[in-house]
Structures are given as structure tokens and as C-alpha cells.
Amino acid sequence: LSISTALSATAEFDVQGHRGCRGLMPENTIAAFTHALKLGVDTIELDTVVTKDGVVVINHEAYLNPQRTRKDGQFIREKILIKDLTYEVLREFDIGRLSEPEDWPEQTQLDGQRVPSLEEVLSLVDEYNDSHGESVRVNIEIKHFPDRPSDTIDLKEHVHKVLEILLEKGFEELATIQSFNWEALKISKELEPSVQTAALVSKTNLDKSIWTAGLRLRNFGFDIGRMLASIGCSVISPSYSLMTDGWVESAHQSGLKIIPWTVNDLQEMERLIDLGVDGIITDYPDRLIELVSNR
Ligand code: G3P
Ligand code: CA
């Protein structure tokens, strides 16, 4: 299957590469984003936190994870909060290998991978779009944990910094702000209404997400689509394990797209496509692109 065939076949369906393509390359690295673009994803999914000196960087946790972070060739022993490191110091760590690579057997192990900045990734996507005549999007998660607020910088400042970079790089039409913390989505819409937002939903976080946004599900007839439309959301992204046709109906009736995460199993991908989802977030965009292209 050629890349151009894959691209045209998935035009209406949003193939999102989770953390770039976590199943194939070290997550949230330039190597993962470059490979995801090469495979032909429609959207790159990534996670953001902010350093001590205010640089928005790409990392899944608020801290450097000992399971995939090395310094001078040795895995670090303890979690190190990113908000306590300057960008320069953060770049001394290598995030290209796993301490237990057997957990991700198809993931290429690399040396010399640094935590990228958001700006760096947007430049990469921009160059790709320019040179290929494409409009690959970026789905940017705001990592902020209401029960551990001191792990990260102030939420409003975080969202503000991300939006500032999006505007500077001309990405407002090609970006989505996503979060489990729905307050981040409200803040984003207040600061920059033109940037679309996506509400993440997990089995265990739904109550907390609703609470962070100051909402009450019962005020919306227990219709989650209606509730999210009220805060200007464009997308609902539930954990795939929650997905039933009720979710699709609720989202579509309120004019929202529904794009579940993180789906790696082919049968599950098929089930969700049959339910009518608008896209899927996957660690293996190669599998999803092939599936969608052959349907
Ligand atoms: O975008 C959905 C997904 O990335 C949310 O979960 O923990 O992988 O960031 P997580
Ligand atoms: Ca994420």
C-alpha cells in the first residue's frame, strides 16, 4: 500500500498517531512524529508540560519517567518533575529506550532522543505539510492533574503558553486542545475561541472532569454531548472501553465528533468504525491506515 493511496483512502476519517506512534517508535519523540508523518497519519497526538523556564515540551507525565529516561547511559532511578528543570538541563536526558522493551516489542529502540519542545514539533509538521501539500493536524493534550496541582505550572498559564505558540506558528486552524481536565478546555475557548477543543473521558475520571469544568450532567438530561457543546467543545474522546452506540449518538446529535483512544487491536478498530466514530487514536497508525484503506 503506497502512502498516497493510504492518504486518499482515509480522507474522511481521522487517523491519530498516539504519542506519534508509540507502538513503533519511542513515544513523544521527533523520531515518533517523523515516522507517523511518513506513515500518513491525519493527526499527531501528543502531551504537553512546561519547564521551569517556561518552555512547553512534549512529555506524557509531569515528570521524567524512570522506565524510559537515561542520563549518561543509565536509567534514572527516580521521577524528576519537569517543572523543576530548565529546558537546557531537560535536554541532557535521553528518552529513546525502554527499561523493559519487551512491553512494546515492535518499538524501535534509539539513542540520542531528547524531550522535544512544542515549537520544534510544530515546525516539523509545518515543513511536512508545506512539502507534501497536506494539512496534518496536531492534537495537543494539556497535562494538568487537579489532585496534584503542584506537579505542574498554573493551568491558565500552561494553556496560554500553548495557544501563544500555536498562534505564532500559524497552527490555530490545524490544532486541537484536549484534556481530561475540562477547565483547560474552558480556559482555551475563553482565550482563543478559534482553536477547537476535545474532551477526554476515562472510566475513572468522568466525575472529576465534569467537576473541573463546574458542570452538572443532570442539568443536561445526562446527555454528555449536550453538556460538552455548552462549553464549546468540538470533539469527545472517550476511552474505547466505554464506547457504545449511545456515545456516538449523543456526540453527533450535538454536532460533536467522537474520536476514542487508544485502540491498538484490529477487531476493536473495526467495531468502533462500524459504530460510526469519526476517527481513532492509536499507537499503531500503520494498522489503522491499512484497515481504513481496505474497507
Ligand atoms: O488523547 C487520548 C490519550 O492520549 C489520553 O490518554 O494517558 O495516553 O495521554 P494518555
Ligand atoms: Ca495523551
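The values are calculated or read from the model by the stated rules, or taken from the named source; none is laboratory data. The structure displayed is predicted, hence computed values, not measured ones. Positions of Cβ are backbone-derived with ideal geometry, glycine not excepted, and every protein chain shown enters the neighbour counts.
Of (1) in contact with a helix residue (DSSP H, G or I) (Cβ under 9 Å, 6 or more places away or on another chain); (2) away from ligand 1 (no atom under 16 Å from the Cβ); (3) more than 18 Å from E141 (Cα to Cα); (4) part of a loop (DSSP other than H, G, I, E, B), V292 satisfies all except one. Which? Just one mismatch for V292, condition (4). Taken together, R77, R22 contain a single residue that is over 19 Å from E120 (Cα atoms), outside any helix (DSSP H, G or I) and not small (G, A, S), which is R77.
Report yes if some residue within the range 254-277 is surrounded by fewer than 19 Cβ atoms within 10 Å (Cβ to Cβ), acidic (D, E) and not in a helix (DSSP H, G or I); otherwise report no. Yes, the range 254-277 contains a residue that is surrounded by fewer than 19 Cβ atoms within 10 Å (Cβ to Cβ), acidic (D, E) and not in a helix (DSSP H, G or I). Residues that are in a loop (DSSP other than H, G, I, E, B) and under 21 Å from D42 (Cβ atoms) were ranked within the range 135-156; the one that is farthest from ligand 2 (Cβ to nearest atom) is S135.
Does D265 meet the test of being at pLDDT below 95 and closer than 21 Å to K203 by Cα? Spelling it out, it is not the case that D265 is at pLDDT below 95 and closer than 21 Å to K203 by Cα.
Out of all the residues in the range 235-249, which are polar (S, T, N, Q) and either farther than 19 Å from S179 by Cβ or crowded, with 20+ Cβ neighbours inside 10 Å (or both)?
At the first step, the residues of the range 235-249 found to be polar (S, T, N, Q) are 237, 239, 241, 244.
Residues satisfying the conditions are S237, S241, T244.
Residues that are in a helix (DSSP H, G or I) and not aliphatic (A, V, I, L, M) within the range 175-186 comprise W182, E183, K186, listed in sequence order.
This table checks each residue for (1) surrounded by fewer than 23 Cβ atoms within 10 Å (Cβ to Cβ); (2) more than 15 Å from ligand 1 (Cβ to nearest atom); (3) over 30 Å from G170 (Cβ atoms).
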position: D14; (1), (2), (3): yes, no, no
position: A32; (1), (2), (3): no, no, no
position: V41; (1), (2), (3): no, no, no
position: V49; (1), (2), (3): no, no, no
position: Y63; (1), (2), (3): yes, no, yes
position: L85; (1), (2), (3): yes, yes, no
position: W104; (1), (2), (3): yes, no, yes
position: T108; (1), (2), (3): yes, yes, yes
position: E119; (1), (2), (3): yes, yes, no
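Condition check ((1) away from ligand 2 (no atom under 15 Å from the Cβ); (2) at pLDDT below 95; (3) assigned to a loop (DSSP other than H, G, I, E, B)) across all residues:
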position	(1), (2), (3)
S188	yes, no, no
S194	yes, no, yes
L200	no, no, no
W211	yes, yes, no
L215	yes, no, yes
R226	yes, no, no
S237	no, no, no
W247	yes, no, no
A251	yes, no, no
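Residue check: L206 meets all listed conditions (1) touching a residue at least 12 places away in the same chain (Cβ under 8 Å); (2) surrounded by fewer than 19 Cβ atoms within 10 Å (Cβ to Cβ) but one, namely (1).
Among the residues of the range 30-45, what is the count of those that are away from ligand 2 (no atom under 16 Å from the Cβ) and either in contact with a Phe, Trp or Tyr (Cβ under 9 Å, 6 or more places away or on another chain) or in a helix (DSSP H, G or I) (or both)?
Just the residues of the range 30-45 that are away from ligand 2 (no atom under 16 Å from the Cβ), to begin with: 30-31, 34-35, 37-40, 42.
Adding the requirement that they be either in contact with a Phe, Trp or Tyr (Cβ under 9 Å, 6 or more places away or on another chain) or in a helix (DSSP H, G or I) (or both) leaves 30-31, 34-35, 37-39, 42.
Here the count works out to 8.
Residue-wise test of (1) within 16 Å of ligand 1 (Cβ to nearest atom); (2) over 18 Å from the mean Cα position of the chain (by Cα); (3) farther than 20 Å from R19 by Cβ.
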position: D130; (1), (2), (3): no, yes, yes
position: S135; (1), (2), (3): no, no, yes
position: E141; (1), (2), (3): yes, no, no
position: E157; (1), (2), (3): no, yes, yes
position: S188; (1), (2), (3): yes, no, yes
position: S209; (1), (2), (3): yes, no, yes
position: A213; (1), (2), (3): no, yes, yes
position: L228; (1), (2), (3): yes, yes, yes
position: V235; (1), (2), (3): yes, no, no
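Scanning the range 46-74 for residues that are in a strand (DSSP E or B), farther than 16 Å from L166 by Cβ and of a type in the set (V, I, T) yields one hit, V49.
Quick one: count up the residues across the range 278-289 that are within 16 Å of ligand 2 (Cβ to nearest atom) and part of a helix (DSSP H, G or I). Quick ask: steps written out before the conclusion?
First, pick out the residues of the range 278-289 that are within 16 Å of ligand 2 (Cβ to nearest atom): 279-285.
In the following step, the residues that additionally are part of a helix (DSSP H, G or I) were identified as 285.
So the answer is 1.
Being in contact (Cβ under 8 Å) with a residue 24 or more places away in the chain and within 20 Å of D245 (Cα to Cα) narrows it down to one of A199, A213, so name that one. Step through it out loud before you land on a result.
Numbers: A213 fails: within 20 Å of D245 (Cα to Cα).
On inspection, the qualifying residue turns out to be A199.
Sub-8 Å Cβ pairs linking a first residue in the range 48-59 that is without any contact (Cβ under 8 Å) to a residue 60 or more places away in the chain to a second residue that is crowded, with 23+ Cβ neighbours inside 10 Å and part of a strand (DSSP E or B), at least 6 apart or interchain, are T51/V57, ordered by first then second residue.
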